[in-house]
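Right, one structure below, let's go through it.
The values are calculated or read from the model by the stated rules, or taken from the named source; none is laboratory data. Quick caveat: nothing in here was measured; it's all calculated off a predicted structure. All Cβ positions, even for glycine, are placed from backbone atoms using ideal geometry, and neighbour counts span all protein chains on display. Note: accessible area is taken over every heavy atom of the protein model, side chains too, but ligands, DNA and RNA are not part of it. Shrake-Rupley method; radii C 1.70, N 1.55, O 1.52, S 1.80 Å.
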Amino acid sequence: MGLLDKLFGRDTPSQEIVGKVDKEGPRNPIDQLGVTGRSQRNAAYEDTAHIPRITDYVAEKLSQLLRYSTEMPVLRLTEDDSPAQITDSKLGGAFYVPEGMKAPRNLDTGNPLYLLAQLNFSQLPQLRGFPAQGLLQFFIDGEDTLYGADYDNPQSQRSWRVRYLPNVPVTALHANRVVKPAWHDDTVLPFNDPDTERRLVAQAGKQTITPTDYRFEGRLQSCVSTLNEYDHGFFREHEAEIRDSLAALLMSGGHQVGGYPIFTQSDPHDDRDPLWNKATDLLLQIDSINDVSFGDSGVANFFISPSDLERLDFSRVLYTWDCY
């Protein structure tokens with residue numbers, strides 16, 4: 001059974017999870033009032049003075065249920081002030097092209113592609129299902145306002161490219177294989193500066209499902225179904241406010257490998273397209289922070305199927321980005 005099967009195979013959280021949340025979760029503000037009896041409790045839930053506190057309580061309880069039932073490993077990537085070497089995990093800059101291989105170009109225009117990011121897996125904490133070594137490079141088009149994205153065929157790799165080098169090269173012996181396409185007046189890239197080249201460092205952690213993930217609604221409803229009658233009724237009555245509080249608790253952005261993606265518009269997996277349904281693993285997310293800006297505060301995501309990732313086959317990666 002795969003990781004996602006384990007995470008999403010149940011219709012509702014187990015009683016063990018529910019019990020743990022009930023024991024360790026936030027204290028119901030109504031309980032603190034010491035009310036007894038159904039009528040008093042109903043009145044307390046309906047008292048407008050208590051609504052903000054109950055809203056926060058229910059949102060926190062649901063966030064804990066979601067955490068216990070959906071949490072998965074993730075590598076958080078942050079920019080580092082130390083100079084980036086040619087084979088480091090990094091954003092932008094020059095890149096290595098092995099002997100016998102050409103620098104990537106747009107297959108339709110012939111324009112050179114630019115390095116968006118690269119991952120040196122030997123520098124990263126081991127993430128289950130991902131390589132333990134090798135260099136994974138992500139290239140995009142710098143002469144296209146869409147940064148090479150093809151929303152009609154997000155797997156094409158004609159105007160962008162993902163390239164995996166199983167062995168990290170010793171570049172000191174191959175300095176003539178280092179490439180950095182020149183910027184022009186009309187070059188369009190999601191970097192604030194033409195000289196952007198920032199080393200990335202990774203920290204292993206865990207992540208709860210994000211509110212923009214296509215699986216979120218199903219998991220949320222499963223968790224709602226485990227609430228007691230008072231909390232369940234309150235959720236239905238004040239659903240919009242609770243969802244806002246829940247989104248604030250669960251939304252997380254930034255650069256990352258694995259885990260759950262975020263979107264500024266909607267998750268393309270919602271379309272139930274077989275192409276997207278297979279590509280469930282988040283290979284890389286690049287967010288609009290610090291030196292990066294995808295359009296209007298957008299985010300770029302690269303997805304891959306678990307079977308392709310296991311075979312280190314990056315020919316069917318899906319690339320998409322959206323912004324406000």
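Given charges of +1 on the Cβ of Lys and Arg and -1 on the Cβ of Asp and Glu, with all other atoms neutral, how large is the dipole of the chain about its Cα centre, in debye to the nearest 20?
Values: 31 positive and 47 negative charges, 241 e Å.
Rounded to the nearest 20 debye, it is 1160 debye.
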Quiz prompt | Electrostatic dipole magnitude of the stretch 99-207 [Cβ: Lys, Arg +1; Asp, Glu -1; Cα centre; debye, to 20] | solution = 720
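Explain nothing, just the number: dipole magnitude of the stretch 232-320 about its Cα centre with +1 on each Lys and Arg Cβ and -1 on each Asp and Glu Cβ, in debye rounded to the nearest 20.
So the magnitude is around 220 debye.
Can you pull the Kirkwood radius for the stretch 255-304, inverse mean 1/r over Cα pairs, to one decimal in Å? Write out the running numbers ahead of the final one.
On the way: mean 1/r = 0.0869 Å⁻¹.
Across the stretch 255-304, the inverse of the average 1/r is 11.5 Å.
Would you kindly calculate the mean projected area, averaged across all directions, of the convex hull enclosing the Cα atoms of the stretch 185-324, in square nanometres?
On the way: hull surface 44.7 nm².
Its average projected convex-hull area is 11.2 nm².
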Quiz item: In sequence order, what are the phi-derived ³J(HN,Hα) couplings for the stretch 128-137 according to the Karplus relation 6.51 cos²θ - 1.76 cosθ + 1.60 with θ = phi - 60°, rounded to whole Hz, with x for glycine and proline?
Solution: 4, x, 9, x, 8, 8, x, 10, 10, 10
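Per residue, how large is the accessible surface of the chain? Use a 1.4 angstrom probe and give square angstrom.
Values: 15250 Å² over 324 residues.
Value returned for the chain: 47 Å² of accessible area per residue.
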Quiz item: If you take the beta carbon distance between residue 275 and residue 313 as r and set R0 to 22 Å, what does 1/(1 + (r/R0)^6) give as a FRET efficiency, to the nearest 0.05?
Solution: 0.90
Quiz prompt | Order by protection proxy (mean Cβ within 10 Å, highest first), peptides 113-121, 298-306, 226-234 | solution = 113-121, 298-306, 226-234
Quiz item: Taking +1 at the Cβ of each Lys and Arg and -1 at the Cβ of each Asp and Glu, which of 50, 123, 232 sits farthest along the dipole of the chain towards its positive end, judged by Cα position relative to the Cα centre?
Solution: 123
Practice problem: Find which of 175, 312, 222 sits farthest along the positive direction of the dipole of the chain, computed with +1 on the beta-carbon of Lys and Arg, -1 on that of Asp and Glu, about the Cα centre. | Solution: 312
Exercise. Let me see the pair-distance distribution of the stretch 174-237: every alpha carbon pair, 10 Å bin width, integer percents in order.
Key: 13, 21, 20, 16, 15, 11, 4
Self-check item: Table column - 3J(HN,Hα) (Hz), the stretch 87-93, Karplus curve with 6.51, -1.76, 1.60, x for Gly and Pro
Solution: 10, 6, 5, 6, 9, x, x
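Determine the share of the stretch 54-174's accessible area contributed by carbon and sulfur atoms, expressed in whole percent, with a 1.4 angstrom probe.
Working: 2360 of 4900 Å².
The value for the stretch 54-174 is 48 percent carbon and sulfur by accessible area.
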